[in-house]
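*Asks:* Got a structure here, written out as structure tokens. Questions coming.
The values are calculated or read from the model by the stated rules, or taken from the named source; none is laboratory data. Nothing here was measured: the structure is a model prediction, and the numbers come from that model. Here the Cβ is made from the backbone with ideal geometry for all residues, glycine too, and neighbour counts use every protein chain on show. These area figures cover heavy atoms from the full protein model, side chains too; ligands, DNA and RNA do not enter into them. Shrake-Rupley method; radii C 1.70, N 1.55, O 1.52, S 1.80 Å.
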Amino acid sequence: MLGRMIRAFSAALAAVSLMAVAGCGASEDVPPAAESHDSAVASEAPKDVDYRTLLDGITYKGQPVAVRTPEQIEEFIQMSRDAEAGNAVDNVKVEPAECAESVTDPARANHAERMSVDNYAMADLDVDSFTLIAEAADIADYRKTDLEKSDGSCDKYTVTMHGYTQHITDKEIPFEGDANKGRAIISHSVFDDGTEVTLYSVAAEKNGAFIDVVIKDDSQESIDAANATLDQVLARL
């Protein structure tokens, strides 16, 4: 079920960060900041950031992450482009209706045509269904790190797509990290077949790069480990 969720959600929202992968896109439960989307566009990624090697040697809980090959990245990019071309996000139904824009807007702000193996990287690990994404921040018009904190009105919502329904409850927790800005969210999902999934997502933006770590575990030990992995990447930027 989790694998189906990851594949479907990634394709439907064309985000990954992440968002992306495993439901991260649906964690965007607040309206954009008062500034316009254009003014929130991140500056061009530093020229000395090599996304092809940025994640090499990064670890989670002491284990090296499995960095996706350029061929696998190209496949993911094409999937994202196909989803955008097919307006897949338009098939996502959100309840309550007043939360729809805040849930789907971050996916609409993503531009797959800007993605390439030179500005996008991803790594995975079987432990805690770990996923790590690193990309040039200007791939999207804005990110969840650009959004204001929730007022609580859309902390609970329902997403329906691809023939299944996902009831989501989000909880924002304090972000700590050496970054220009960041955000951390715990999302608990209950699917229509009774499956329950809890995800921790922590994202940061630094020097023109956007980093997102997602794990299927909200224990303090795993949250600390995910934050430590994020810190490893941030230290290279």
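*Asks:* Per residue, how much accessible area does the range 125-221 have with a 1.4 Å probe, in Å²?
*Replies:* The answer is 40 Å² per residue.
*Asks:* Taking the simple approach of a point 7 Å from Cα along Cα-to-Cβ for both ASN91 and ALA228, what is their distance in nm?
*Replies:* Those two pseudo-labels are separated by 4.1 nm.
*Asks:* What Kirkwood hydrodynamic radius, in Å, does the range 55-148 give when the mean of 1/r is taken over all pairs of distinct Cα atoms and then inverted?
*Replies:* Value: 15.0 Å, from the Cα pair sum.
*Asks:* Using the Cα atoms of the range 99-141, I'd like the radius of gyration and the largest Cα-Cα distance, Dmax, both in angstrom.
*Replies:* Computed over the Cα atoms of the range 99-141, radius of gyration and Dmax are 12.9, 34 Å.
*Asks:* Are there trypsin sites (Lys or Arg not before Pro) in the range 117-156 that DSSP marks as loop and that have at most 13 other Cβ atoms within 10 Å, and which are they?
*Replies:* Counting only loop positions with at most 13 other Cβ atoms within 10 Å, the trypsin sites (Lys or Arg not before Pro) in the range 117-156 are LYS149.
*Asks:* What size of dipole, in debye to the nearest 20, comes out for the range 43-202 about its Cα centre when the only charges are +1 on Lys and Arg C-beta atoms and -1 on Asp and Glu C-beta atoms?
*Replies:* 220
*Asks:* Mind checking the dipole of the range 151-237: about its Cα centre, +1 per Lys or Arg Cβ, -1 per Asp or Glu Cβ, Debye to the nearest 20?
*Replies:* Roughly 300 debye for the range 151-237.
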